[in-house]
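Working notes for the structure below.
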Amino acid sequence: MKQGLIHLYAGDGKGKTTAAVGLAVRAEGNGLRVWFLQFMKGRTSGEISVLKQLPGCTVRRGSCTKFSFQMTEKEKQTVKSEQDSLLQEAVRQAGLTDLLILDEVLSAVQTGLLSEEPLREFLKNKPAHLELVMTGRDPKPYMIEAADYYSEIVKKKHPFDQGITARKGIEE
């Protein structure tokens, strides 16, 4: 039986989602079935357009278009419900896929916009064959312990610090 491992791409630097997308493309190019779930991001993004075109890749994402600190309590509840449903769908499909990517799942947990216990249970009980990727900032200790790969991407310098906002095709 194939052994699936857990990847954790964390930190405040640019490149966590980019690394996950690269792995999705590599896996799909080798005939693996990929599920790419994106939490906390609902705006248009170039990588999503490409991933949706890959025949072996299923993309699911919510409608979140604001930072959590910009949301009303009602919006937070709506987003949380939607993201909990995304995770439930992923758990149901986990046995039928080879690579599951939970992009920005760490941020969703950190902001309280995803119920943590189902994720914790999933990490304990994931199918043995499943390759799992989680991205975001500030991983919880149990996430680090569960990970087989743990890469921390550290920002040393970023154009945002000079007032340059996200550019289409590069950061979005």
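Per-residue 3J(HN,Hα) values for the stretch 160-172, derived from phi via the Karplus relation 6.51 cos²θ - 1.76 cosθ + 1.60 with θ = phi - 60°, read 4, 5, 9, x, 8, 7, 4, 10, 4, x, 10, 9, 9 Hz in sequence order (x marks Gly and Pro).
Remark: the stretch 84-94, residue by residue, has Karplus-estimated 3J(HN,Hα) of 4, 5, 4, 5, 4, 4, 4, 4, 5, 8, 4 Hz, where x stands for each Gly or Pro and the curve is 6.51 cos²θ - 1.76 cosθ + 1.60 at θ = phi - 60°. For K124, which lysines qualify as cross-link partners when the Cα separation must be under 19 Å and same-chain residues fewer than eight apart are set aside? Within the straight-line limit of under 19 Å, K124 reaches these lysines: K2, K140.
With contributions of -39500 (n - 2.57) from each DSSP H run of at least four residues, the per-residue ellipticity at 222 nm computed over the chain stands at -11500 deg cm²/dmol. Positive-end ranking of G31, F69, I48 along the dipole of the chain, with charges on Cβ about the Cα centre, is headed by I48. Backbone amide hydrogens, once placed in the peptide plane, bring R60 within less than 5 Å of F36, L37, Q38, excluding anything fewer than 5 places away on its chain.
The alpha carbons of the stretch 1-96 occupy a box of 45, 30, 26 Å along the principal axes, longest dimension given first. Take the alpha carbon gyration tensor of the stretch 85-151, find the square roots of its eigenvalues, order them as a ≥ b ≥ c, and report rounded if a/c is under 1.5; if not, report prolate when a/b exceeds b/c, else oblate. Oblate. The shape of the stretch 1-51 comes out oblate: with a ≥ b ≥ c from the C-alpha gyration tensor, a/c is at least 1.5 while a/b does not beat b/c. Within straight-line reach of K41, meaning a Cα separation under 17 Å, sit the following lysines at least 8 residues removed in sequence or on another chain: K14, K16, K52, K66, K76, K80, K168. When the Gaussian network model of the chain links Cα atoms closer than 10 Å, the mean-square fluctuations of R61, R33, R43 top out at R43.
Only the Cβ atoms of Lys and Arg (+1) and of Asp and Glu (-1) were treated as charged; on that basis the dipole of the stretch 1-101 about its Cα centre amounts to roughly 100 debye. Is the shape of the stretch 120-168 best called rounded, prolate or oblate, per the rule: a/c under 1.5 gives rounded, else a/b larger than b/c gives prolate, else oblate, with a ≥ b ≥ c the square roots of the Cα gyration tensor eigenvalues? Because a/c hits 1.5 or more and a/b exceeds b/c, the stretch 120-168 counts as prolate. Ranked for footprinting exposure by Cβ neighbours inside 10 Å, fewest first, Y150, Y9, Y142 give Y142, Y150, Y9. (i) 1.14; (ii) 1.00; (iii) 0.94: which one is Rg/Rh (Cα atoms, Kirkwood Rh) as calculated from this entry? Only one listed value fits the structure, namely (iii).
The alpha-carbon of K155 sits under 20 angstrom from the alpha-carbons of these aspartates and glutamates, leaving out residues fewer than 8 places away in its chain: D12, D103, E104, D138, E171, E172.
Each value in this text was obtained by applying a stated rule to the coordinates, not by laboratory testing. Fair warning: this is a prediction, and the values are worked out from it, not measured in the lab. We place every Cβ from the backbone using ideal geometry, glycine too, and count neighbours over all the protein chains shown.
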